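One structure is given below, encoded as structure tokens.
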């Protein structure tokens, strides 16, 4: 990626992104501080420790929810912040330990109060939703992984997380074939990474890791690069892994390198990239959220190119 293309992306971020995403960009590319990211992130955290206020830009609900809280854990992971004593992490553990939106097996995908605020259709609440489907492991497996990494080992919350994690892994291994849902698969990837970081003896991840890598390969090769469409949702390598060290097969490595070229070629004149989804309802709010997503997407694309050694 040449300097002109990078500067266009940088300018777009400064002109359009949220303060949180600007300080994330500064941390990764301009010697910014983790403290600045944490300060901006804390503005989205409620007193109960959970996150809301459109931290996940497709839901404007200010109330704490599992999916918004999961988004916070992703940002902490992105900047490599691991201080378990920090108020943000302790708040997340407090929210998860409260049992709110947890039925003993899953944390809710969507919550009822979403209906009171602008949101994308997939964040709408339906009383008839079945909590038994595999998609319900989004965001559960990510949240239990975070808990296993940061909660006290002798706490009730840790024991609950270990139980749910083992059931989730068994469910995945017993599943016939591979998962077709990239978001659910990504949550399993996070669980794997958290378990590895925590070095837990109680969870055997060897078979889990092997099948999970197979699932990732299945998803990213299902649609060949020549059919990737900027206006459609594609399961591309950057969605799961973002460094050469994480590329585990020659075929995947080739796809990961092809995506670098694809990202560079699909940059828009204003420095951003297209967002391949939208809302039919709440058009005014969607126009704002779309710009938030574009700022976030520009940052993630730059991080992928940086991680792959292209930037």
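Results for (1) within 22 Å of the chain's Cα centre (by Cα); (2) surrounded by fewer than 15 Cβ atoms within 10 Å (Cβ to Cβ); (3) modelled with pLDDT of 95 or more; (4) assigned to a helix (DSSP H, G or I), shown as yes or no for each residue.
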| site | (1), (2), (3), (4) |
| --- | --- |
| 153 | no, yes, no, no |
| 159 | no, yes, yes, yes |
| 170 | no, yes, no, yes |
| 176 | no, yes, no, no |
| 179 | yes, no, no, no |
| 184 | yes, no, no, yes |
| 192 | yes, no, no, yes |
| 195 | yes, no, no, yes |
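Hey, among the residues in segment 1-21 that are in contact (Cβ under 8 Å) with a residue 60 or more places away in the chain and touching a helix residue (DSSP H, G or I) at 6+ places or on another chain (Cβ under 6 Å), which one's surrounded by the fewest Cβ atoms within 10 Å (Cβ to Cβ)?
1
Go over the candidates 27, 44 one by one and state the one that is touching a strand residue (DSSP E or B) at 6+ places or on another chain (Cβ under 6 Å), touching a residue at least 12 places away in the same chain (Cβ under 8 Å), buried (at least 18 other Cβ atoms within 10 Å of the Cβ) and more than 19 Å from residue 102 (Cβ to Cβ).
Just one listed residue meets the conditions, 44.
Tell me which residues, restricted to segment 266-299, are assigned to a loop (DSSP other than H, G, I, E, B) and over 21 Å from residue 117 (Cβ atoms).
Those that are assigned to a loop (DSSP other than H, G, I, E, B) and over 21 Å from residue 117 (Cβ atoms): 266, 267, 268, 269, 270, 271, 272, 273, 274, 276.
Counting only residues that are over 11 Å from residue 148 (Cα atoms) and free of Cβ contacts under 8 Å to residues at least 12 places away in the same chain, how many does segment 175-203 have?
Of the residues in that region, 3 qualify.
Please enumerate the residues belonging to segment 120-137 that are surrounded by 20 or more Cβ atoms within 10 Å (Cβ to Cβ) and either within 15 Å of residue 286 (Cα to Cα) or at pLDDT 95 or above (or both).
Within segment 120-137, 120, 123 qualify.
Which residue, of 302, 241, 212, is within 17 Å of the chain's Cα centre (by Cα), closer than 21 Å to residue 193 by Cα and not in a loop (DSSP other than H, G, I, E, B)?
After applying the criteria, what remains is 212.
Cβ-Cβ below 6 Å, separation at least six or inter-chain, first residue in segment 93-114 and touching a residue at least 24 places away in the same chain (Cβ under 8 Å) and at positive phi, second surrounded by 15 or more Cβ atoms within 10 Å (Cβ to Cβ) and part of a helix (DSSP H, G or I): which pairs?
From residues that are touching a residue at least 24 places away in the same chain (Cβ under 8 Å) and at positive phi, the pairs are 101/66.
Please go through segment 225-254 and give me each residue that is free of Cβ contacts under 8 Å to residues at least 40 places away in the same chain and over 25 Å from residue 274 (Cβ atoms), ordered by number.
245, 246, 247, 248, 249, 250, 251, 253, listed by residue number.
Among 307, 295, 271, which is the only one that is at pLDDT 90 or above, buried (at least 18 other Cβ atoms within 10 Å of the Cβ) and on the phi > 0 side of the Ramachandran plot?
271
Is segment 218-226 home to any residue that is surrounded by 15 or more Cβ atoms within 10 Å (Cβ to Cβ) and over 26 Å from residue 173 (Cα atoms)?
Among the residues of segment 218-226, at least one is surrounded by 15 or more Cβ atoms within 10 Å (Cβ to Cβ) and over 26 Å from residue 173 (Cα atoms), which makes the answer yes.
Kindly establish whether residue 32 is out of contact with any strand residue (DSSP E or B) (no Cβ under 7 Å at 6 or more places or on another chain) and at positive phi.
Answer is no for this residue.
The values are calculated or read from the model by the stated rules, or taken from the named source; none is laboratory data. None of the values given here were measured: they were computed from a predicted structure. Here Cβ is always computed from backbone atoms with ideal geometry, including for glycine, and neighbour counts include all displayed protein chains.
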